[in-house]
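**Q** So that we are looking at the same thing, I have put the structure below in structure tokens.
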Amino acid sequence: MRKTVMTFFLLQMLFTTSVFCNKHLDGYYLFVYFTGNQTSKQQICYALSSDGIDFVPLNGGHPVIASDSIAVMKGVRDPHILRGTNGWFYMVATDMDWTKGKWSNRGIVMMRSQNLLDWEHHTVDFHQRFAGTEAAKVNAVWAPQTIWDPAAQKYMIYFSLHSEKDGLYPQDAIYYTYANADFSDVEIIPKRLFEYPYPTIDADIVLDEAGIYHLFFNTWGGRWSITSEIYVYRFA
């Protein structure tokens, strides 16, 4: 097991991990992000908000976790953080350095923490993890996110996959897998989450108070868009 420790002082506040959490229960909202395409900017940063709208960068806007300590490619993008049902915090990110090429991404970083300071971290290289399968041909595993699947009683990790022309994933599409019990690896070969005729990336699943899972994603289909389609997805 590998761990990384943030070296800056955090205010003694309770953080939430999503703007969908109730502020009065948890105190503040925590936003995780990266800032650009240069290697030095593909790092995990924190920002804090009292209302979920206006965020103030922590640590002077400098990274709180160094990518070269957690990622194979020495860069991370698209970090996503989730407060788990067990009180742990779970973070996933794209293991990638854009300066090495758009299609240089072969996997993800998986992390968990009990206090937002000390992080256990592991990498999943799809070329190695799924050697001998179509999943080993991917050249993009983008924008991973995590959500609890109550039916499976596991954390589901979903992301967009893309591979070379002779691979199974010639067009960006959303796939999912499940994390193992200690969030150090994935358990199954990725499966298609839903069918869509155009490329799909940057998926986000939100659970509402009625128990319905709303899936948001970006698609272009011959046109670039910021907000495109909304799907409703229920776990089987």
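**Q** Compute the relative contact order of the range 110-151 as a whole-number percentage, counting only Cα pairs closer than 8 Å that sit 6 or more residues apart in sequence.
**A** Details: 23 pairs, mean separation 9.3, N = 42.
It comes to 22 percent, rounded to a whole number.
**Q** Would you please state which residues of the range 61-91 a label at Thr99 would reach in this model, taking the label point 7 Å out along Cα→Cβ and a backbone N cut-off of under 20 Å?
**A** Only 62-79 pass the distance filter.
**Q** Under the 0.36 nm per residue contour assumption, what length would be gained going from the current alpha-carbon distance of Val56 and Thr39 to full extension?
**A** Here the answer is 3.8 nm.
**Q** Here's a follow-up. Starting from the Cα-Cα distance between Ile212 and Thr133, subtract it from 0.36 nm times their residue separation and give me the gain in nm to one decimal.
**A** Values: separation 79, 0.36 × 79 = 28.44 nm, distance 3.34 nm.
Stretched fully, the Ile212-Thr133 segment lengthens by 25.1 nm.
**Q** Another one. Sorted by mean Cβ packing within 10 Å, highest first, what order do the peptides 194-202, 100-108, 173-181 take?
**A** Details: 194-202: 15.4, 100-108: 17.6, 173-181: 19.3.
Sorting 194-202, 100-108, 173-181 by mean packing, highest first, produces 173-181, 100-108, 194-202.
**Q** Using Cα pairs under 8 angstrom and six or more residues apart, how large is the relative contact order of the range 2-209, in percent? Each step should come with its number before you reach the end.
**A** Values: 505 pairs, mean separation 28.7, N = 208.
Over the range 2-209, the number comes to 14 percent.
**Q** What is the dipole size for the range 33-139, taken about its Cα centre, with +1 at each Lys and Arg Cβ and -1 at each Asp and Glu Cβ, in debye to the nearest 20?
**A** Numbers: 10 positive and 10 negative charges, 68 e Å.
So the dipole magnitude of the range 33-139 works out to roughly 320 debye.
**Q** With point charges of +1 on the Cβ of Lys and Arg and -1 on the Cβ of Asp and Glu, referenced to the Cα centre of the range 2-209, which listed residue (Ala136, Val92, Tyr175) lies farthest in the positive direction of the dipole?
**A** Highest projection toward the positive end goes to Ala136.
**Q** Using Cα centres only, tell me the gap between the range 117-145 and the range 42-98 in whole Å.
**A** First find each Cα centre; the distance between them is then 18 Å.
**Q** With charges set only on the Cβ (+1 for Lys and Arg, -1 for Asp and Glu), what does the dipole of the range 65-191 come to about its Cα centre, in debye to the nearest 20? Don't jump to the answer; show the numbers that get you there.
**A** Values: 12 positive and 15 negative charges, 40 e Å.
Taking the Cα centre of the range 65-191 as origin, the dipole is about 200 debye.
**Q** Related question: Per the Kirkwood formula on distinct C-alpha pairs, the Rh of the range 123-186 is how many angstrom?
**A** Details: mean 1/r = 0.0811 Å⁻¹.
Answer for the range 123-186: a Kirkwood hydrodynamic radius of 12.3 Å.
**Q** I've got another one for you. Need one number: the % of Cα-Cα pairs in the range 2-209 sitting beyond the 27 Å mark.
**A** Of all Cα-Cα distances in the range 2-209, 29 percent exceed 27 Å.
Readers should treat all values here as calculations from the given coordinates under stated rules, not as data from a laboratory. These numbers come from a predicted model, not from an experiment. Cβ: placed from backbone, ideal geometry, glycine included. Neighbour counts: every protein chain shown.
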